[in-house]
Amino acid sequence: MSEAPGSGAVNEAEPRVVLSARGLRREFSGFVAVNNVDLDVRHARIHALIGPNGAGKTTVFNLLTKFLAPTAGRIELLGRDITSTSPARVARLGLVRSFQISAVFPHLSVLDNVRVALQRPGGLGYQFWRSLGSLDLLTPRAEQLLETVGLQNERYKLAADLSYGRKRVLEIATTLALDPKVLLLDEPMAGMGHEDVYTVAEIIRDVAKDRAVLMVEHNLKVVADLCDWITVLQRGEIIAAGDYATVSQDEQVKVAYMGTAHD
């Protein structure tokens, strides 16, 4: 099944498509993990990819970011075919992802984590001969990013001393440091308390004002409150797509999540 926006005329009022997939398929030794998946991710919209465990959500993420090569299908980023492009090149083109496990440098300060992330877009990534003082050039932008995610008062703390939720917020800041055009978030609320979930949801809402966000998320309340478009996967295939009101009433979705169409 493919998504409705990709199968007919596009509403001119809709923001442009910045990431798309057509006929995406991935097999592992004869097992089909993802089959005939079509996606349209739009600028300045939050798009959720949901489904029960084992539905293929992370595999789709890995295909889009080129950590896996598709068995079949085509992927485009900003109108460019990236189906055979390397993960590093895809990231440089503006498709950046987070992971389920927090990926920060625990023994660096919060500020230094962001300054390290800024080295590539700042042109310092391979200039090993420069002194540590060259990172000072990146401090204003790093502090701006920390203010965006609400970590400005914790900038001198070691990342290891942050709570789990705040580490995930820091990871969003380091991801934003790469200036993504499309931001992929893999379960950004996983393991968080209610207060951190609310904080991260507001951060995502804010950063999506000028970039596309595609997120895998199990918290359906967050999905309902936050996301403009939802794609539901089951056994590697799309079973429904639309806004939350539409997909939540879909009988196949009810069966996938509840085990019965009559619940």
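The values are calculated or read from the model by the stated rules, or taken from the named source; none is laboratory data. Given the structure is predicted, the values throughout are model-derived calculations rather than measurements. Quick reminder, even Gly has a Cβ in these numbers, built from the backbone with ideal geometry, and neighbours come from all protein chains shown.
Exactly one residue out of Arg205, Arg168 is crowded, with 20+ Cβ neighbours inside 10 Å, in contact (Cβ under 8 Å) with a residue 12 or more places away in the chain and touching a helix residue (DSSP H, G or I) at 6+ places or on another chain (Cβ under 7 Å): that is Arg168. If you go through the range 64-117 and pick out every residue that is more than 28 Å from Asn219 (Cα to Cα) and of a type in the set (Val, Ile, Thr), you end up with 6. Among the residues here, Ile82 does not qualify as under 16 Å from Pro180 (Cβ atoms) and surrounded by 23 or more Cβ atoms within 10 Å (Cβ to Cβ).
Within the range 45-54, if we keep just the residues that are surrounded by fewer than 23 Cβ atoms within 10 Å (Cβ to Cβ) and touching a strand residue (DSSP E or B) at 6+ places or on another chain (Cβ under 7 Å), the residue that is modelled with the lowest pLDDT turns out to be Pro52. Ile101 meets each of the listed conditions (1) of a type in the set (A, V, I, L, M, F, W, C); (2) in a helix (DSSP H, G or I); (3) modelled with pLDDT under 90; (4) surrounded by fewer than 14 Cβ atoms within 10 Å (Cβ to Cβ) apart from (2).
Here Val90 fulfils each of the conditions (1) aliphatic (A, V, I, L, M); (2) surrounded by 20 or more Cβ atoms within 10 Å (Cβ to Cβ); (3) farther than 30 Å from Asp136 by Cα apart from (3). Only one entry in Ile204, Ile230 is under 15 Å from the mean Cα position of the chain (by Cα), in a helix (DSSP H, G or I) and under 25 Å from Asn53 (Cβ atoms), namely Ile204.
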